[in-house]
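Just below is one structure, and these are the notes that go with it.
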Amino acid sequence: MTFRITALVRRLAVLLSIGMVALTGAASAQQTIAPAGPTLAAIRDRGHVICASVDPLPGFAQTGEAGRWTGFDIDFCRAIAVAVFNDPSRMEFVPLTGESRFALLQTGAIDVIARNAPWTMRRDTSYGAIYLATSFFDGQAIMVPQSLGFVSAYELEDVNICLVDEPEQLTNIKDLFFTTQAPYEEVLYEDREDLAVAYRAGLCDAVSAPASWLNAMRRSLPEPATHRILPERISKGVFGPVVRSGDGQWADIVRWTLFALIDAEEAGVTSLNIDSLAAAKTHRIRRLLGLEGEFGPGMGLDPKFISNVIKAVGNYGEIFERNFGAGTGAAVVRGQNALWLNGGLLYAPPIE
């Protein structure tokens, strides 16, 4: 009799323990969402995110049919809109010139710049704005016709190179050819628009500019595939989202939206397979899907904001392929923008 009572007590203890775990799980499922900070509150009151990009370029931001904006920057803006509203259409895009951007952030006229001028210490510390993370690695590169047979910048010799007459770019070219000790000749122009005209007209054998410019230029040529952007970068150019200083919550939302896109690609979570992963046991995937952990609510967002973003716009690799892949007619090699696992520089902290 005593044995039976003891066994019954043990069973009751186990059942009580299971019940407590279930209650704990239910409580965690009803996570408390943090109150909205000034930027998030203003965005929700307005009903949409105002997202900008400096210097619209084909591949990054361009208008298509009916004036609709598309591109890498636009997709990132839509990802932020999904994070906040679970609706990619609740985003207004504003193209900016390099002469006016930081003041617009400071006044609240725009909420985020998807791609500003390259990240430097001066820009990051002097204008009341913060660069959050790297979304695109750029840098000065060189483009040549495929017919010349060059596959590396270190092979270049006896070539005329079109350049913008800008001290830093000229120095980078000089340093390259000082290293190779190969003869070359500079063909200088005042504006980058001149480079495309001169190169297309055959006034130079090669053209050098930031790789993002060269990609845009190549897309404008009659046969983009007959021109090659050589793999080397002879300068550093780091682009990423920028927000105004002083609102840590909004900075976290934009930063972790980008990190989520990168982490999703690394984990193999895509817009096509995300629904089929609901039963996954892998902790990493369950966190991305909002099925485990408490990540969104701490920033004032839905627990499944990451899953919503991936469903709507895809992961980083999908966004890159959509805007720079073979379907564009001028495919860009991932290179530095490949995941760190694949030899690139793209890296994001884990979601945990």
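Angle check, please: helix 167-180 long axis (alpha carbons) against the longest principal axis of the chain (alpha carbons), in degrees 0 to 90, nearest 10. With both axes taken from Cα atoms, the answer is about 80 degrees. R0 = 25 Å: FRET efficiency of residue 333 with residue 220, Cβ-based, nearest 0.05? Computed FRET efficiency for residue 333 and residue 220: 0.85.
With the cut-off at 1.5 for a/c, could you classify region 307-352 from its C-alpha gyration tensor as rounded, prolate or oblate?
Working: a/c = 4.16, a/b = 1.20, b/c = 3.47.
Oblate is the answer for region 307-352, as a/c is 1.5 or above yet b/c matches or exceeds a/b.
Working note: Karplus 6.51/-1.76/1.60 with θ = phi - 60° gives region 67-80 the couplings x, 6, 7, 9, x, 4, 5, 5, 5, 5, 4, 5, 4, 5 Hz, where Gly and Pro are set to x. Among 160, 196, 76, which residue has its Cα furthest toward the positive end of the charge dipole of the chain, with +1 on Lys/Arg Cβ and -1 on Asp/Glu Cβ? Value computed over the given set: 76. Here are several values of Cα extents along the principal axes in Å: (1) 78, 47, 38; (2) 87, 43, 42; (3) 100, 45, 39. Which one was derived from the coordinates shown? The calculated read-out lines up with (3).
The long axis of helix 211-220 is offset from the longest Cα principal axis of the chain by roughly 70 degrees. Taking the Cα centre of the chain as the origin and placing charges on Cβ (Lys, Arg +1; Asp, Glu -1), which of 173, 53, 342 is farthest toward the positive end of the dipole? Value: 342. Multiplying the residue separation of residue 201 and residue 276 by 0.36 nm and subtracting their alpha-carbon distance yields 21.8 nm.
Restricting to bridges with both residues inside the chain, how much of the DSSP beta-bridge set is antiparallel, in percent to the nearest 5? Before the final figure, lay out the partial values.
On the way: 16 of 34 bridges.
Around 45 percent antiparallel, to the nearest 5.
Per 0.36 nm of contour for each residue apart, how much would the distance between residue 92 and residue 286 grow if the chain were fully extended, relative to their Cα-Cα spacing? Intermediate values should be presented prior to the final figure.
On the way: separation 194, 0.36 × 194 = 69.84 nm, distance 3.14 nm.
Extra length available between residue 92 and residue 286 comes to 66.7 nm.
Annotation note: chymotrypsin sites (Phe, Trp or Tyr not before Pro) in region 303-347 located in DSSP loop regions with a Cβ neighbour count of at most 15 within 10 Å are 347.
Roughly speaking, to the nearest percent, how much of the chain's 1.4 Å accessible area is carbon and sulfur?
Working: 9650 of 17060 Å².
About 57 percent, which is the carbon plus sulfur part of the accessible surface.
State the antiparallel share, in %, of DSSP beta bridges confined to region 48-167, rounding to the nearest 5. Please report the intermediate quantities before stating the final value.
Numbers: 2 of 11 bridges.
If we restrict to bridges inside region 48-167, about 20 percent are antiparallel.
Put a plus charge on the Cβ of each Lys and Arg, a minus charge on the Cβ of each Asp and Glu, and nothing anywhere else: the dipole of region 207-352 about its Cα centre is then about 360 debye.
Note on the chain: dipole from Cβ charges, positive end direction compared against 332, 310, 280; the farthest Cα belongs to 280.
Helix-derived [θ] at 222 nm for the chain: sum -39500 (n - 2.57) over DSSP H runs of at least 4, divide by residue count, nearest 500?
Only helices count here, giving -12000 deg cm²/dmol.
Mind giving me the FRET efficiency for residue 178 and residue 146? R0 is 22 Å, r the Cβ-Cβ distance, nearest 0.05 is fine. Display every interim value, and only then the final one.
Details: r = 27 Å, r/R0 = 1.21.
Once rounded, the FRET efficiency stands at 0.25.
In the chain the longest region clear of trypsin sites (Lys or Arg not before Pro) that are loop-assigned by DSSP and have at most 11 other C-beta atoms within 10 Å covers 69-280.
Under the shape rule built on the C-alpha gyration tensor, where the axes satisfy a ≥ b ≥ c, region 231-335 is oblate, since a/c reaches at least 1.5 while a/b does not exceed b/c.
Could you grab the relative contact order for the chain? Cα pairs under 8 Å, six or more apart, rounded to a whole percent.
Rounded, it is 22 percent for the chain.
What is region 155-306's relative contact order, in percent, from Cα pairs under 8 angstrom and six or more apart in sequence?
Once normalised by length, the contact order is 17 percent.
Each distinct pair of alpha carbons in region 36-78 adds a 1/r term; the inverse of their mean, the Kirkwood radius, is 11.7 Å. Kindly work out what percent of the DSSP beta bridges joining two residues of region 104-241 are antiparallel, to the nearest 5. Bridges in region 104-241 that DSSP calls antiparallel: roughly 55 percent. Couplings 3J(HN,Hα) for region 276-287, derived from phi with the Karplus relation 6.51 cos²θ - 1.76 cosθ + 1.60 (θ = phi - 60°), are 6, 9, 4, 9, 4, 9, 5, 4, 4, 5, 5, 5 Hz, where x marks Gly and Pro.
Could you tell me the relative contact order of region 58-133? Use alpha-carbon pairs under 8 Å, at least six residues apart, and round to a whole percent. The partial results should precede the final answer.
On the way: 57 pairs, mean separation 14.3, N = 76.
Worked out over region 58-133, it gives 19 percent.
Think of each Lys and Arg Cβ as +1 and each Asp and Glu Cβ as -1; about the Cα centre, that makes the dipole of the chain roughly 2120 debye.
Using a 1.4 Å probe, what is the accessible area per residue for the chain, in Å²?
Numbers: 17060 Å² over 352 residues.
Per residue, the chain has an accessible area of 48 Å².
The values are calculated or read from the model by the stated rules, or taken from the named source; none is laboratory data. Since the structure is predicted, the reported quantities are computational estimates derived from the model, not experimental observations. We place every Cβ from the backbone using ideal geometry, glycine too, and count neighbours over all the protein chains shown. To get the accessible areas, we keep the full protein, side chains included, count just its heavy atoms, and leave off ligands, DNA and RNA. Shrake-Rupley method; radii C 1.70, N 1.55, O 1.52, S 1.80 Å.
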